[in-house]
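**Q** Before anything else, here's the structure in question.
The values are calculated or read from the model by the stated rules, or taken from the named source; none is laboratory data. Not measured: the values here are computed from a predicted model. Cβ placement follows ideal geometry from the backbone for every residue including glycine, while neighbour counts extend to all protein chains displayed.
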Amino acid sequence: MERKLILSTLPKTWIFDLDGTLLKHNGYKTDGYDTVLPGVKEYLAKILPEDRVILLTSRTDEYRDATLRFLAEAGIRYDEILVNM
């Protein structure tokens with residue numbers, strides 16, 4: 001008996017860690033700047049506009065403004081970011 005997978009059509013919430021998932025791990029410390037990992041922009045572009053994207057990071061408040069600036073300049077989409085996680 002073959003089962004058919006039925007997915008909800010409701011908007012989804014996507015949760016991503018920042019360092020090592022979307023950006024080079026600790027690049028902002030080791031290189032002095034952030035680097036988007038290969039394929040990240042393409043992957044995020046496939047997420048539907050009505051879905052929510054939440055980013056988590058253990059970066060401290062000290063790096064918050066620089067991180068937000070980088071994400072904006074790099075065109076990384078998110079709806080909310082939680083630092084000090």
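**Q** I'd like to know if the range 41-48 contains one or more residues that are at pLDDT 95 or above, surrounded by fewer than 11 Cβ atoms within 10 Å (Cβ to Cβ) and either farther than 22 Å from Pro11 by Cα or touching a strand residue (DSSP E or B) at 6+ places or on another chain (Cβ under 6 Å) (or both).
**A** No - not one qualifying residue is present in the range 41-48.
**Q** Looking only at residues in the range 25-36 that are at pLDDT 95 or above and buried (at least 16 other Cβ atoms within 10 Å of the Cβ), which one is farthest from the chain's Cα centre (by Cα)?
**A** Asp34
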